[in-house]
Amino acid sequence: MSFYNRLALASGLNFFLRSITFILSLYLTRILLPSQSGVGFIYTVYVDLVIYIAREAIRSVVYRINLRSQKNASDCPSPQHKDSENLRNIFSSDDNSFFSREAIRQVVNLSALSVPLVLIVMAALEICVSVTGLNILPSLLSNAQETILPPPLTQNQVQGSRLRYFAAQFIIPILPELIVWFSTIVRSLSEPCVALVHALDMMHIVVVAEFASIAGRLLTTISMVHFYSLHSSWRTRMIFALGQLVCSLVNIVYYGLLCSGRPFLWRYLGGSTTLDQLRAVSLSKSVSQGWWRGILPFPWCDIEYKKMALTCASQFHLLKSFFFESLLRVALSGGESVALSVMGTATDRGIYQLIINLGSTVVRLVFHVWESGCFVRWSQDVARGRIDIAMDLLCVMLRLAFYLGFSFTLIGSQMAPFILKTLYSSHWTSADAIYSLKCYFCSLPLTAILGLLETFLRAVASPAMLRRLQHVMAAGSFLYIFACYLLLRYCNKQHGDLDKKDNANHESKTVVYLIAASIANTGCRMCCVFYLLTCSNQRPRGGYRKKSDLHHDASLSLSGDEKSTRDSSNPSHSNTGAGEEAEHGAILTIKTLKKASISPYLMGYLVLLLTYNAFTPFSFPKVIAAGILYAAGILYWDNAVFSFFQSTLTSRLAHNGKSG
């Protein structure tokens with residue numbers, strides 16, 4: 001199955017499964033108050049923050065490792081046939097080369113570093129807030145202390161031993177937070193499985209695993225809300241904490257069964273023979289045996305402390321670069337959520353969670369799958385010395401992402417009042433909520449393009465380029481976080497002044513200001529990434545051009561000398577690239593950007609459609625007609641997208657015909 005077919009399968013499956021979880025989330029929101037929903041928002045932000053910081057740096061390094069054995073030089077195509085094979089290779093991701101046992105073990109041991117990194121991040125967050133006393137970072141202990149607890153009990157009031165007194169006095173009040181910490185650690189244990197699945201381009205497995213985890217969390221929370229009333233803040237926290245625990249347990253159980261090697265299990269869970277072959281290579285008899293290999297299942301049985309330390313030492317500089325980049329990316333992409341979880345009110349948190357969950361549905365449905373799949377594909381292509389194929393894929397994916405994001409700007413912004421009123425009660429349909437949702441829909445094209453550009457930059461950038469990216473992100477994250485805290489400070493002060501005047505009709509502008517700040521931040525980040533890709537003199541990490549070939553295509557080919565090929569296939573290229581002088585030239589050129597640009601006729605057509613929708617009243621026939629005209633215009637003026645859909649449908653029909 002080609003890469004595009006796998007991407008289309010994962011996107012379609014993700015759309016169907018996320019629709020189910022969206023319905024469950026919608027039902028949960030309807031039975032909760034905004035203040036109660038804000039409690040779950042704090043736990044979700046905390047877990048996502050810790051997991052993202054701990055795993056993104058590891059994944060970015062792991063995906064650069066090629067699991068396949070290197071091919072001989074005689075198997076590589078000649079330069080005259082390389083251009084003719086680019087289009088065929090971009091539609092095909094099949095690789096018949098054998099797996100490398102050493103590369104598999106390296107991926108597993110490097111991914112296992114996520115567990116100690118999760119512990120370090122959680123301890124750092126709690127220590128920073130406890131020592132400094134500044135609530136500028138999310139902390140579960142500070143959140144537990146803010147809740148109203150009963151007066152302390154004496155030992156005479158607690159019947160039993162001192163252990164029971166200690167539990168009632170110190171353990172029970174923070175039991176929800178302890179459960180959230182434990183669930184975060186359990187979720188990080190599945191990272192070796194996720195790394196192997198991503199390396200095999202099996203994106204549909206990641207989609208199914210995320211669906212099972214989220215569905216388990218939502219069903220647990222809904223069931224406990226129905227069976228137990230939310231009379232106290234402790235019980236509310238406990239219910240949401242148990243939901244996080246079920247989410248982590250379902251995730252680790254799913255991946256454990258998938259990698260168990262039993263055909264009657266992994267066939268029904270979405271596995272394939274490729275994953276079974278990888279497991280067989282890793283568990284071959286030539287590998288040194290240990291007592292843990294007979295107890296722990298694959299891939300956890302391949303974890304070795306010495307191997308983990310050696311792998312971490314060899315990739316230390318790249319890990320450090322990606323770790324700081326993950327910290328900055330959290331501040332840039334989720335700075336408003338972190339600031340709101342610290343300084344915002346419970347009602348503002350609930351409303352913001354509603355708008356973000358509803359507005360970012362398309363981001364979770366499609367863009368997240370596209371970015372994850374393309375990052376793995378680009379990293380593997382560059383590791384194999386195929387930077388030209390990676391750039392061709394970038395051009396096609398940029399146009400697809402813009403078209404999908406603009407469809408929600410065109411149609412979704414007009415349906416914002418209807419969506420809020422139909423899906424949720426009139427309690428949630430305030431003017432600020434409607435305006436915030438419209439603004440979020442309008443920002444989706446920028447979000448889609450930015451996500452792919454940053455993903456491409458992280459996949460192909462050299463260590464020097466990553467350092468430049470970190471400097472830019474450091475300045476941007478500082479300004480963005482500072483702006484978010486100033487906005488929250490201003491909103492809280494304005495809200496307090498209106499309360500003193502007994503103005504019962506005022507509405508909080510906090511959510512509107514935060515979304516506006518997020519849109520401005522997205523635009524600034526996109527300009528910075530474009531500058532780094534087009535104006536930098538650092539070539540991609542996959543190899544460098546010969547000077548005699550620069551006039552042919554400044555961005556779509558690599559030099560053919562053996563040294564560049566060897567460096568591009570080495571996962572530890574970051575340590576050896578310092579002594580090699582790169583050819584001057586940007587990663588992307590004007591010629592490459594022209595391939596990703598949109599026809600001026602199509603752009604004018606889209607502007608006319610958007611203007612017509614903006615100045616005419618809302619109606620369902622108008623929305624349907626706009627959608628049909630929008631799709632027809634794309635297929636008429638964009639031949640690449642038309643060829644993409646044609647090849648995808650043809651291959652799917654051929655596959656169904658063979659299976660039938």
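Observations on the structure shown:
- Residue within segment 201-212 that is surrounded by fewer than 20 Cβ atoms within 10 Å (Cβ to Cβ), at pLDDT 90 or above and within 23 Å of residue 139 (Cα to Cα) present: no
- Among residues of segment 452-465 that are assigned by TED's automatic domain parsing to the domain that holds residue 401, those with a beta-carbon under 6 Å from a residue that is aromatic (Phe, Trp, Tyr) and surrounded by fewer than 23 Cβ atoms within 10 Å (Cβ to Cβ) at least six positions away or on a different chain give the pairs 455/375; 459/375.
- Some residue of segment 16-37 being without any contact (Cβ under 8 Å) to a residue 40 or more places away in the chain and of a type in the set (Val, Ile, Thr): yes
Yes or no, residue by residue, for (1) at pLDDT 65 or above; (2) closer than 26 Å to residue 454 by Cα:
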site	(1), (2)
473	yes, yes
477	yes, yes
494	yes, no
498	no, no
507	no, no
517	yes, yes
548	no, no
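- Just so you know, in segment 402-419 the residues that are over 26 Å from the mean Cα position of the chain (by Cα) and not aromatic (Phe, Trp, Tyr) include one that is farthest from residue 451 (Cα to Cα), and it is 417.
- The set of residues in segment 585-637 being part of a loop (DSSP other than H, G, I, E, B) and more than 16 Å from residue 396 (Cα to Cα) consists of 585, 586, 587, 615, 616, 617, 618, 619.
- Cross-chain or 6+ apart pairs with Cβ under 6 Å, segment 623-638 first and in contact (Cβ under 8 Å) with a residue 24 or more places away in the chain, then in a helix (DSSP H, G or I) and surrounded by fewer than 13 Cβ atoms within 10 Å (Cβ to Cβ): 637/601
The values are calculated or read from the model by the stated rules, or taken from the named source; none is laboratory data. On a predicted model such as this, the values are computed, not experimentally measured, just so you know. Positions of Cβ are backbone-derived with ideal geometry, glycine not excepted, and every protein chain shown enters the neighbour counts.
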